[in-house]
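Values in this text are rule-based calculations from the coordinates and carry no lab data. Since this is a predicted model, take the numbers as computed values, not measurements. Every residue, glycine among them, receives a Cβ derived from its backbone with ideal geometry; neighbour counts consider all protein chains shown.
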Amino acid sequence: MSGPLSGFGVVLARDLRLAFRRPGEMANPLLFFILITAIFPLGLSPEPELLRAVAPGILWGAALLSSLLALDLLFGSDYEDGSLEQLVLSGHSLPVLVLAKTTAHWVVSALPLVVVAPLLASALYLPQEAWGTLMLGLLIGTPTLSLLGAMGAALTTGLGTGSALLSLLVLPLATPILIFGARGVDLAAQGMDPVGPLYLLAAILFLALSLLPLAIAAAVRISLD
Amino acid sequence: MLSDFLHMGGYAGYVWGSFGLTAAVLLINLVGAKRQFKQRLAFVRRRMAAEDKT
Amino acid sequence: MWKSFHQFASPPHFYRLAGYLIPWFGVAALILILVGTYGGLVLAPADYQQGDGFRIIYVHVPSATMSLAAYTLMATAAGIGLIWRIKLAHAVAAAAAPIGASFTFLALATGSLWGKPMWGTWWAWDARLTSELILLFLFLGYMSLRAANDDTGKADRASGLLAVVGVVNVPIIHYSVEWWNSLHQGATIIKLGEPAITGDMLWPLLTMMVGFGCYFATVLMIRARSQVLQRERNSRWLKDL
Amino acid sequence: MPCSDGTGSEGMLSKDTQEILMQAEALELWRGERCLFRDLSIELPEETVLHVSGPNGCGKTSLLRVLCGLSEPEKGEIRWRGRSIRNDREDYQQAFAWMGHLNGFKADLSARENLAFSVSLRRKTDNEVRNNILDQVGLTSAADLPCRVLSAGQKRRLSLATIMLSAARLWILDEPFTNLDAKGRDMITGLLNSHCASGGTAIVAAHQELGVEQRYLQHLEMEDKS
């Protein structure tokens, strides 16, 4: 029973191993991200000027929805097979363990989005200067989305309400991320300096990293009561 | 004079609409709260009475 | 101090105290709102720019203020309930939610009724209205989470946690929406017209605000009493109701 | 609403030589409008097996979940070696192992991987020790199959392996005999006896006799209020 963080590695490794055991499911958030981004041009028009103008909003909106997609499984499957109980009673600090689970979920569902983002950006005629900001923004914005989503998942575990209630709880809280993320890309696309929104995203990330694991742990304890 | 007042400088629909809606929502809340309280009180009284008998 | 706080927090004491205060606050609310309405609709001069349309401010601003006050009170009560495990605090939080949501809806409805003559559309992405809309979703999320939990204790703690996290986010959401709105400040979108408030326009607004506050207290205490009854199960003091 | 106010257990002489490991005072728990138990106190010295029994729905599982800290009691205090479990949660959790109705294994991982994961959260063990335990519970042949294909009895044996490897002073077992065959049930009886012999203690909810030696055994009978 070494230091407080020893549980982090163990749980992270298990969750990643579990995710890679089902590669099909793992690709869902990525496919969903691509699908949404493809739908908008069909709904709007193929005309580059229009798509370039709405590209930041579409990309960030799609990233937000995709990161919510696989969330109800985050605690749901552990709740059903009883491993959530064992985690809560493991003698490790629960916020660290839930942070490990959320990190595993982020690696599996959000990282691929960051990698694929430039591809989709080019499909929406987003200028090249903005690709860097898009990827950086997604890199520091999606962890907060995963943390907020994990809290929503923890609150709704065992209620059988699925992802409808989860999205209702999480989306209002995620609006600042969407606003700053999309604005950053928009500024970069117009050749302006996007550092402002990126700093704000980073600030929110650190606030989330410090407070949300405690809230998620409390939510897990409540749903196991 | 009254008709000018009711006319509200052309915004009658919006002004009276807003005030009417406000009055309605406030009333619904008040009545709803009262009724919920009455029902809950009756339920508690019934259960207390039932328990005294056992 | 702690003794009196704890003594006040005992359900039977709160139940009796609320029973005593409700009529007083109720009458105060009625008088203040009537006087404020009369002042706002009759005594206050028309605004030079918006004419009589500006009078909607007398219901819009108090509702918007009360909606935020209700959410803050709800989150504070939930926080107290979670930290010190006081069931009464959860009862107050549960009572505050429906009223808060109603005020938020009122603020949105009167805001759009006010916006129609100004902007020609029922809805414009004005910063305050957008924040109000997100606040409405926060309320709806709170109430749906509470409804999804059948056990009262679990519902209290789960929704309480959501309220506490939500209240931390409300200022962030508010400023991000303001920031987002100011960037699109093109000529087309006028911020929700803020008429110059002078003396005889102001006192009715303040009266309405205090009136709405008293109303909020009244309905909150009525709902809180039924929540207390629901949580007290069969304690002895219920017998002599 | 009369509740089961069973005191600790009949004939609980304070054997002064033994240290009282766990104390629970005036526990009260409600489920919705129903009171499961009220004023329920328990004193658990070392080298004891507390057999919690009672009809279905009388709150055995709820009581056990309260004792491990999973559920919040309405009233009442639980102390492990004199210190309330609410204050130092992790310390208390390291001292006990919990076996619930659900076995707590991931269906996609193999028995060996599941065992390695759950034990590594508690203590360092090498492969050889784990294989030995798997052999003891008769799972060597199925060790590398994903848990999805294991039978309920095999999964229960895997839980047993986790409990044995946990080196916890207190075992809290909720209906450990379910799905186990005769051999499995004897294994549990043997385990409980050796656990007590080595100074451990246990709380076991079960419908049948535990077969534990009389000097270790104590009973807590819970009534049904529905």
> What share of all Cα pairs of region C:50-109, in percent, falls into each consecutive 5 Å distance bin?
Replying inline: 4, 21, 22, 16, 12, 9, 7, 4, 3, 1, 0
>> With n ≥ 4 as the cut-off for DSSP H runs, can you work out [θ] at 222 nm for chain B, using -39500 (n - 2.57) per run divided by the number of residues, rounded to the nearest 500?
In response: -31500 deg cm²/dmol
> Taking every DSSP beta bridge that has both residues in region D:20-221, what percent is antiparallel when rounded to the nearest 5?
Replying inline: 45
>> Springs between alpha-carbon pairs under 10 angstrom, Gaussian network model over chain D: which of D:146, D:176, D:73 fluctuates most?
In response: D:146
> Quick one: what do you get for region D:20-221 if you divide its Cα Rg by 2.2 N^0.38 Å?
Replying inline: 1.02
> Kirkwood hydrodynamic radius of region A:26-89 from all distinct Cα pairs, in Å?
Replying inline: 13.9
> What is the Å³ per residue value for the convex hull set by the Cα atoms of region C:50-231?
Replying inline: 114
>> Antiparallel versus total DSSP beta bridges in the protein assembly as shown: what percent is that, nearest 5?
In response: 45
>> If packing is taken as the average number of other Cβ atoms within 10 Å across a peptide's residues, how do A:6-18, C:57-69 rank, most packed first?
In response: C:57-69, A:6-18
> Any idea what angle helix D:152-165 forms with the longest principal axis of chain D, computed on alpha-carbon atoms, 0 to 90 degrees, nearest 10?
Replying inline: 80
>> To test your reading of the geometry: what angle, between 0 and 90 degrees and rounded to tens, separates the Cα axis of helix B:12-53 from the longest principal axis of chain B?
In response: 10
> Along the three principal axes, how long is chain B when you take its alpha carbons, biggest first, rounded to the nearest angstrom?
Replying inline: 69, 17, 7
>> Compute a Gaussian network model of chain C, connecting alpha carbons closer than 10 Å, and tell me which residue from C:142, C:48, C:38 fluctuates the most.
In response: C:48
>> Can you show me the helix-derived [θ] at 222 nm for chain D, built from DSSP H runs with n ≥ 4 at -39,500 (n - 2.57) apiece and divided by the number of residues, rounded to the nearest 500.
In response: -8500 deg cm²/dmol
> With axes computed from alpha carbons, what is the tilt in degrees of helix C:57-84 against the longest principal axis of chain C, rounded to the nearest 10 within 0 to 90?
Replying inline: 30
>> Using a Gaussian network model on chain D with a 10 Å cutoff between Cα atoms, which of D:156, D:112, D:123 fluctuates the most?
In response: D:123
> Tell me which aspartates and glutamates have Cα within less than 14 Å of residue C:239's Cα, excluding those fewer than 8 residues away on the same chain?
Replying inline: B:51, B:52
>> Just to be sure I understand the curve: with the Debye formula and one point per C-alpha of region A:6-224, what is log10 I(q)/I(0) at q = 0.08, 0.10, 0.13, 0.14 Å⁻¹?
In response: -0.29, -0.44, -0.72, -0.82
> Taking a ≥ b ≥ c as the square roots of the eigenvalues of the Cα gyration tensor of region D:37-140, is the shape rounded (a/c under 1.5), prolate (a/b larger than b/c) or oblate?
Replying inline: prolate
> According to the Kirkwood expression over distinct Cα-Cα pairs, how big is the hydrodynamic radius of the protein assembly as shown, in Å?
Replying inline: 29.2
> Just counting partner chain Cβ atoms within 10 Å, what average do the residues of peptide D:48-61 show around their Cβ?
Replying inline: 0
> For chain A, list the DSSP H helices whose alpha carbon atoms reach 15 Å or more along the long axis and whose average Kyte-Doolittle value is 0.5 or above?
Replying inline: A:6-21, A:23-43, A:48-69, A:94-109, A:111-123, A:129-156, A:162-189, A:195-224
